[in-house]
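Here is the structure we will look at.
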Amino acid sequence: MAAILLLGFASGLPYALADDAFRAWMTKSGFDLKQIGWLSLVSLPYSLKFLWSPLIDRFRLPILGRRRGWIIATQVGLVGVILLLAAQMASMAGMDATAKASALSTVAIVAIFMAFLSATQDIAVDAYRTDVLEPLEVGAGASVLVLGYRIAMLLTGWLAFNLADKMGWASVYGLMAVFLGVGIVGTLFAPNPPPANEIEPPTLVDAVVQPFLEFFRRLGWQRAILALVFIILFRLGDAMVAKMAVPFLGVKGLGFSDGDIGNIRQGMGLIATIVGTLSGGAALSQLGINRSLWVFGGLQAISNLGYWILALVGKDYTTLVLAINVENFCSGLGTAGFVGFLMSLCNPKFSATQFALLSSLMAVGRDLIAGPSAGEFAQRLVTGFNVVGTKPDLAGWGNFFLLTLIAAIPGVLLLPFFAPWNERSEN
């Protein structure tokens, strides 16, 4: 569990550096919104990682075993790439706008390579966790890994953003590369999975084709397809809230300050998520995966009503704190149950490929469906959403958050087909 905690930390740190932190550096460096928007594609490897995950299943490096060898190799590579990115950021600090625009392509290439190594590390870490945990340890293992991930997000969010004002983003990236050494220590001391789970597929064709055939044969075609659709839909309502929460709370919503949002949503809210994730992992071991999906999925959906109540009440700090903490706590519960469910669907022989594919489908629901649809619905439902000088229509925001509750229903309706309440799962 200690190793999984440190590996979760190592997974979360570079993801944040390729996401919010990278956009913050671009904004601080004076790049325009169009450039920032296009450079958000540096995180694309996280959604495409299933394409090269069979290589992680098929081949092993000559150090530390089948999974840990890949983990340590990507971590060492990440330290070097993040330091290189920091050096490039520092060199651009004194450039004029034209020189910065010319140098941006080089920075983008390095950032994409950082995201590629980070996504590859995630493949190996998820496979390691799936292979090493006993059935009764799945709940605790899922919650502990997410805990490490969230601690890294806190470090690269709250701490890094505060340090950037004092020492600059280049120095912050250099410091984060040093912190990644925590993950290297975890990898060196982590135990190997059981020998039966250390056997790789005999050929690359087997590594590419067999994970998919095995998955559909084991679950049956109907149940497997429903499971894949469920993975896309289960967190749809929760993701829609996450995409629109900041616009709702900020200048064009209720008018809470950036400090309010940062301290309550990013600070207190993250702690609530961590507590929810740990609680969910403990409850999962008692309830089983099937029943935890029902309970956590229901709470996850209902918790969106906190934002609906805030829209009715208006700018009220007590309601804000309650809405954010309840929603984040329930989101943490849902995360623990959902990660445990994904792990239960994987065969250890093909865990890298199968988990990478399933988590990529989760990203499809979060990024490709929830993001655009949340923006479209919010735009249509909220009067004066983009009109400067007009008071936002909080009733329209209330309708939007009720809509997110409805968006969570399809995922719940699929539960009887592959996670019946009275059928206790093996895990």
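Values for this structure:
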{"quantity": "Fewest-first sequence of Leu361, Leu284, Leu61 by Cβ atoms within 10 Å of each Cβ", "calculated": "Leu61, Leu361, Leu284"}
{"quantity": "Difference of contour (0.36 nm per residue) and Cα-Cα distance, Trp52 to Ala103", "calculated": "15.4 nm"}
{"quantity": "Ranked list, fewest to most other Cβ atoms within 10 Å of each Cβ, for Leu413, Leu155, Leu44", "calculated": "Leu413, Leu44, Leu155"}
{"quantity": "Per-pair calculated FRET efficiency, R0 = 30 Å: Leu41 and Val209 via Cβ, rounded to 0.05", "calculated": "0.55"}
{"quantity": "Charge tally in the Cβ shell below 9 Å around Ala408, where Lys, Arg are +1 and Asp, Glu are -1, Ala408 excluded", "calculated": "0"}
{"quantity": "Relative contact order (%) - the stretch 1-200, alpha-carbon pairs under 8 angstrom, separation at least six", "calculated": "47"}
{"quantity": "Approximate spin-label separation Leu402-Asn263, in nm, with each point projected 7 Å along Cα-to-Cβ", "calculated": "3.4"}
{"quantity": "Part-to-part distance (alpha-carbon centres) for the stretch 285-341 and the stretch 62-132, which is given in Å", "calculated": "33"}
{"quantity": "Peptides 332-339, 162-169, 105-112 ordered by average Cβ neighbours within 10 Å, highest first", "calculated": "332-339, 105-112, 162-169"}
{"quantity": "Protection proxy ranking, peptides 311-322, 62-73, 271-282, average beta carbon neighbours within 10 Å, highest first", "calculated": "271-282, 62-73, 311-322"}
{"quantity": "Which of Arg150, Arg217 has the fewest Cβ neighbours within 10 Å, and the rest in rising order", "calculated": "Arg217, Arg150"}
{"quantity": "Calculated FRET value between Lys166 and Asn192, using beta carbons and R₀ = 51 Å, to 0.05", "calculated": "0.75"}
{"quantity": "Spin-label pair Leu136/Lys28, simplified geometry with 7 Å Cα→Cβ offset, distance in nm", "calculated": "4.9"}
{"quantity": "Of Lys49/Lys349; Lys28/Lys100; Lys28/Lys166; Lys166/Lys315, those spanning more than 22 Å from alpha-carbon to alpha-carbon", "calculated": "Lys166/Lys315"}
{"quantity": "Gained length - Asn422 relative to Ile409, 0.36 nm times residue gap less alpha-carbon distance", "calculated": "2.7 nm"}
{"quantity": "Mean Cβ count within 10 Å, highest first, over the residues of peptides 2-9, 171-178", "calculated": "2-9, 171-178"}
{"quantity": "Within the chain, longest stretch clear of exposed GluC sites (Glu not before Pro) (DSSP loop, no more than 14 other Cβ within 10 Å)", "calculated": "1-422"}
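Since every read-out is calculated from the coordinates, none of them should be taken as a lab result. Owing to the predicted nature of the structure, the values given are computational and were not obtained by experimental measurement. All Cβ positions, even for glycine, are placed from backbone atoms using ideal geometry, and neighbour counts span all protein chains on display.
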